[in-house]
Amino acid sequence: MTAQQPAAGEVSPREQSSSELSASETTALPLAGSARGTAGTVLITGTTSGVGLHALKSLVDRGWTVVTANRDPVRAAAAADSLAIDSARVHHLRIDIGDLDSVRVGVETLVPSLGLPLDVLVINAAIYQPRLKQPQWSPQGYELSMATNHLGHFLLIQLLLQDLKRSSHPSRRVVIMGTVTANSKELGGKIPIPAPADLGDLSGFKAGFKAPIAMASGKSFKPGKAYKDSKLCNMITTQELHRRLHTSTGIVFSSLYPGCVADSPLFRHTPPAFQTIFPWFQKNITGGYVSQALAGERLAQVVADPAFSVSGVHWSWGNRQKKDGKQFGQELSDKASHPATAEAMWTTSLQLVGLA
Ligand SMILES: NC(=O)c1ccc[n+]([C@@H]2O[C@H](COP(=O)([O-])OP(=O)(O)OC[C@H]3O[C@@H](n4cnc5c(N)ncnc54)[C@H](OP(=O)(O)O)[C@@H]3O)[C@@H](O)[C@H]2O)c1
């Protein structure tokens, strides 16, 4: 249906850019123009910058209606405006993925108030804070990078599955951003700095994952590893969704590594010298670099293109980018495909997000 009424927690980009909305503003403003695209409706998390912002542009350009979930929808709207994205096709919702209560409000109130079907869900938002000395904690008391990158998204997926099942779109999908550093089948996943991704026996999750426990494995806090572990959870989640639900629902579940987006704001918490050297290194030495625009386009392809309608695949374009390189299904590490680890991660994640 066409959403003509404002939804609580939503801002319209054109309206907000000329207003004085603060980041804490929750009152919706009227939508500008027709809000229903013809290609389908996709909800994507984290579109203020980087891959998510550029995927938003690619999807709108392809005729999709896009619902964005950001902790600051005013900033999200300004970012979309900066790329001249057609605001008539975009709804910006205030959902803090690191806060389970915010995810619940988003799914139970904000998304339904749009009155749109949900055809595709994209899990993109993430934080990477490799220099933290001490863990940060989510409102529910979970280590913040795991809470944001995995747990909030895990809850979002579980709560939106019913909407995806109801969709009449011919190709319903859940697309999850993985990464190379959490897949030890690839060179980038073998680098032991600070340590490879490893959930161990998930004793940290099993023990409730509350302070002082900050790692899924229950071992001592390593911020860079916390990011890798959370992305490993993202890729395991994709595989488990496929295994448990693809046949019964027909929904296509896939993850991807779009290449090394070495100059994205994801690296904003790394040392300044790293932020200069890393993109140069990826462009000139490894050849792994992809631009934010190309990574966004690849994410949009996995959402929309028929070539990506295979479930259970981790898509990659390789570690070394080639001109006109084609996507392929990248094999995942044992840690990402071990049945007992996957079962334990799924069960404990359900408990941690309050769904067990
Ligand atoms: N960069 C790479 O080389 C690379 C490679 C492989 C995979 N990836 C993956 O690609 C995805 C996007 O990364 P990126 O490089 O585009 O980084 P980015 O530019 O930093 O984008 C991250 C997005 O997540 C949002 N976000 C963070 N915390 C949030 C929260 N609590 N609630 C809602 N949104 C939140 C950010 O919004 P704020 O502005 O509010 O922080 C931002 O919009 C991530 O999943 C990352 O793991 C990146």
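Looking for whichever is of a type in the set (A, V, I, L, M, F, W, C), away from the ligand (no atom under 14 Å from the Cβ), open to solvent by less than 20 Å² (accessible area, probe 1.4 Å) and touching an Asp or Glu at 6+ places or on another chain (Cβ under 6 Å) here; the options are Ala216, Ala195. Which one fits?
Result of the check over Ala216, Ala195: Ala216.
Restricting attention to region 69-106, which residues are under 13 Å from Thr47 (Cβ atoms), among the acidic types (Asp, Glu) and within 13 Å of the ligand (Cβ to nearest atom)?
Asp72
Please specify each residue of region 333-353 satisfying the condition of being touching a helix residue (DSSP H, G or I) at 6+ places or on another chain (Cβ under 7 Å) and either at pLDDT 95 or above or in a helix (DSSP H, G or I) (or both).
Lys335, Ala336, Ser337, Thr341, Ala342, Met345, Trp346, Thr348, Ser349, Leu352, Val353
Leu93 passes all but one of (1) open to solvent by 20 Å² or more (accessible area, probe 1.4 Å); (2) in contact with an Asp or Glu (Cβ under 6 Å, 6 or more places away or on another chain); (3) touching a residue at least 60 places away in the same chain (Cβ under 8 Å); (4) not small (Gly, Ala, Ser); which number fails?
Going through (1) open to solvent by 20 Å² or more (accessible area, probe 1.4 Å); (2) in contact with an Asp or Glu (Cβ under 6 Å, 6 or more places away or on another chain); (3) touching a residue at least 60 places away in the same chain (Cβ under 8 Å); (4) not small (Gly, Ala, Ser) one by one, Leu93 breaks only (1).
Counting just the residues of region 44-54 that are open to solvent by less than 30 Å² (accessible area, probe 1.4 Å), out of contact with any His (no Cβ under 9 Å at 6 or more places or on another chain) and not in a helix (DSSP H, G or I), which one comes out nearest to the ligand (Cβ to nearest atom)?
Among those that are open to solvent by less than 30 Å² (accessible area, probe 1.4 Å), out of contact with any His (no Cβ under 9 Å at 6 or more places or on another chain) and not in a helix (DSSP H, G or I), it is Gly46.
What is the number of the single condition among (1) more than 18 Å from Ala336 (Cα to Cα); (2) touching a residue at least 60 places away in the same chain (Cβ under 8 Å); (3) outside any helix (DSSP H, G or I) that Ser220 does not meet?
If we test Ser220 against (1) more than 18 Å from Ala336 (Cα to Cα); (2) touching a residue at least 60 places away in the same chain (Cβ under 8 Å); (3) outside any helix (DSSP H, G or I), just (2) comes out false.
Might you let me know whether region 169-183 holds any residue that is in contact with a Phe, Trp or Tyr (Cβ under 7 Å, 6 or more places away or on another chain), more than 20 Å from Val51 (Cα to Cα) and either part of a helix (DSSP H, G or I) or more than 15 Å from the ligand (Cβ to nearest atom) (or both)?
Taking every residue of region 169-183 in turn, none turns out to be in contact with a Phe, Trp or Tyr (Cβ under 7 Å, 6 or more places away or on another chain), more than 20 Å from Val51 (Cα to Cα) and either part of a helix (DSSP H, G or I) or more than 15 Å from the ligand (Cβ to nearest atom) (or both).
Among (1) without any contact (Cβ under 8 Å) to a residue 24 or more places away in the chain; (2) open to solvent by 20 Å² or more (accessible area, probe 1.4 Å), where does Arg243 come up short?
(1)
Being open to solvent by 30 Å² or more (accessible area, probe 1.4 Å) and either farther than 27 Å from Gly218 by Cβ or in contact (Cβ under 8 Å) with a residue 40 or more places away in the chain (or both) narrows it down to one residue among Leu156, Leu161, Leu132; which is it?
It is Leu132.
Consider Thr347 against the criteria (1) in contact (Cβ under 8 Å) with a residue 60 or more places away in the chain; (2) more than 15 Å from the ligand (Cβ to nearest atom): it satisfies all of them except one. Which criterion is unmet?
Unmet condition: (1).
Considering only region 68-82, state which residues are of a type outside the set (Asp, Glu) and farther than 23 Å from Pro112 by Cα.
Ala78, Ala79, Ser82
Determine which single condition Thr109 fails, assuming it passes every other condition in (1) more than 30 Å from Asp229 (Cβ to Cβ); (2) of a type in the set (Val, Ile, Thr); (3) buried (at least 24 other Cβ atoms within 10 Å of the Cβ).
If we test Thr109 against (1) more than 30 Å from Asp229 (Cβ to Cβ); (2) of a type in the set (Val, Ile, Thr); (3) buried (at least 24 other Cβ atoms within 10 Å of the Cβ), just (3) comes out false.
Out of Val261, Val252, I need the residue that is away from the ligand (no atom under 14 Å from the Cβ) and out of contact with any Leu (no Cβ under 8 Å at 6 or more places or on another chain). Which one?
Going through Val261, Val252 in turn, just one is away from the ligand (no atom under 14 Å from the Cβ) and out of contact with any Leu (no Cβ under 8 Å at 6 or more places or on another chain): Val252.
The values are calculated or read from the model by the stated rules, or taken from the named source; none is laboratory data. Note that the structure is a prediction, hence the values are computed from the model and not measured. Neighbour counts run over all protein chains shown; Cβ positions are idealised from the backbone, glycine included. The protein model used for the area step is the full one, side chains on, heavy atoms only, and it has no ligands, DNA or RNA in it. Shrake-Rupley method; radii C 1.70, N 1.55, O 1.52, S 1.80 Å.
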